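Here's the structure we're looking at; comments come further down.
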Amino acid sequence: MSLPKPLIIGNWKMHGLSAELETLVRALAKRHAETPKPGTLGICPPFTLLIPAKAVLQGSGILLGGQTCHAKGQGAFTGDISAAMLADAGCEIVLLGHSERRAGLGETDADVKAKAEATLSAGLTPVVCIGETEDQYVAGETLDVLGAQIDGSLPDGADAERLVVAYEPIWAIGTGRTPTMDEIAKVHAFIGERLAAAGVSGTPVLYGGSVKPDNAAAILALDGVDGVLVGGASLKVDDFFTIYAAGAGTAA
Ligand code: PEP
């Protein structure tokens with residue numbers, strides 16, 4: 001079953017101790033219960049918080065996600081986690097191929113594809129992240145880079161109902177800078193066409209990179225933007241909920 005749009009997903013990265021179960025997770029669930037909006041709200045906290053976060057989120061309608069997984073279901077892979085383990089912890093989505101993992105840990109398109117296939121096998125929805133570096137952006141290579149990442153990273157047997165793509169220009173992540181609205185719209189149109197050519201027309205495409213309360217409404221209003229992937233601002237309940245509310249076209 002496809003996830004209702006817009007999708008507003010928070011990527012906590014390597015942030016969050018158990019104290020944040022109250023100050024962030026419970027507080028978000030409370031806001032959501034008080035003023036529910038159309039769309040899908042989800043958070044991807046660190047692995048250590050998944051099971052207790054699931055308990056807090058029970059019945060809230062807020063999705064839980066992992067930040068990566070291994071391509072294998074189990075085995076001698078010290079320090080890794082499988083998609084089946086994420087499913088067992090209550091996750092419904094998994095972020096894959098985030099640029100911090102592609103750049104910092106050498107994840108390739110082939111790795112992302114294998115992980116996405118493992119994610120689907122475990123019954124979860126992969127959120128495949130793609131994006132260009134600043135040098136590639138300046139050189140006008142953005143669409144070529146994204147096209148190659150889409151072709152190389154999508155799982156075999158992909159189905160638009162169980163796939164999400166997140167466009168995150170690497171130079172916009174955590175920098176406070178974003179492409180122009182026109183650039184975002186053009187890139188999303190290109191991604192939509194490429195996904196259609198790959199047989200997964202209608203796959204939700206999120207934008208990520210310095211989404212904040214003051215730019216969320218404009219970004220979410222763009223054609224082809226089906227939601228946002230939010231890093232820093234997802235660690236502040238007010239900011240994150242304001243972004244979620246912006247997606248519904250209402251003030252928080
Ligand atoms: C991210 O890391 O996925 C991200 C979009 O971060 P930020 O919102 O902080 O730019």
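Values in this text are rule-based calculations from the coordinates and carry no lab data. This structure is a prediction, so every number in the text was calculated from the model and none was measured. All Cβ positions, glycine included, derive from the backbone under ideal geometry; neighbour counts span all protein chains shown.
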query = Which percent of Cα-Cα pairs in the chain sits in each 10 Å bin, short to long?
reply = 8, 34, 39, 18, 2
note = If the chain between Ala189 and Ala110 were fully extended at 0.36 nm per residue, the gain over the current Cα-Cα distance would be 26.0 nm
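Given R₀ = 22 Å, FRET efficiency for Leu222-Ala103 by Cβ-Cβ distance, to 0.05? Could the numbers behind the result be given before it?
On the way: r = 26 Å, r/R0 = 1.20.
About 0.25, to the nearest 0.05.
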request  = Go through segment 186-199 residue by residue and turn each phi into a ³J(HN,Hα) via Karplus (6.51, -1.76, 1.60, θ = phi - 60°); whole Hz please, and just put x for glycine and proline.
outcome  = 5, 5, 5, 4, 4, 4, x, 5, 5, 5, 4, 5, 8, x
task = Considering only lysines 8 or more places apart in sequence, or on different chains, count the pairs in segment 1-128 whose C-alpha atoms sit under 28 Å apart.
result = 19
Descending Cα extents along the principal axes, segment 16-69, whole Å = 29, 23, 15
request  = Using label points projected 7 Å from each Cα along Cα→Cβ, tell me how many nm separate Glu34 and Asp151, to one decimal.
outcome  = 5.1 nm
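What is the gain in length, in nm to one decimal, between Lys236 and Met181 on full extension, counting 0.36 nm per residue of separation less the C-alpha to C-alpha distance?
Extending this stretch completely gives an extra 17.4 nm.
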task = Report, ordered by chain and residue number, the aspartates and glutamates lying within cross-link reach of Lys236, taken as a straight Cα distance under 19 Å and ignoring same-chain residues fewer than 8 apart.
result = Glu20, Glu22, Glu34, Asp214
ask   = Roughly speaking, what is the stretch gain from His15 to Ala196, that is 0.36 nm per residue apart minus the C-alpha to C-alpha distance, in nm to one decimal?
value = 61.6 nm
ask   = Roughly how many debye, to the nearest 20, is the charge dipole of segment 7-250 about its Cα centre, given +1 on each Lys and Arg Cβ, -1 on each Asp and Glu Cβ, and no other charges?
value = 760 debye
ask   = Among Val145, Val211, Val128, which one moves the most in a GNM of the chain with springs linking Cα atoms closer than 10 Å?
value = Val145
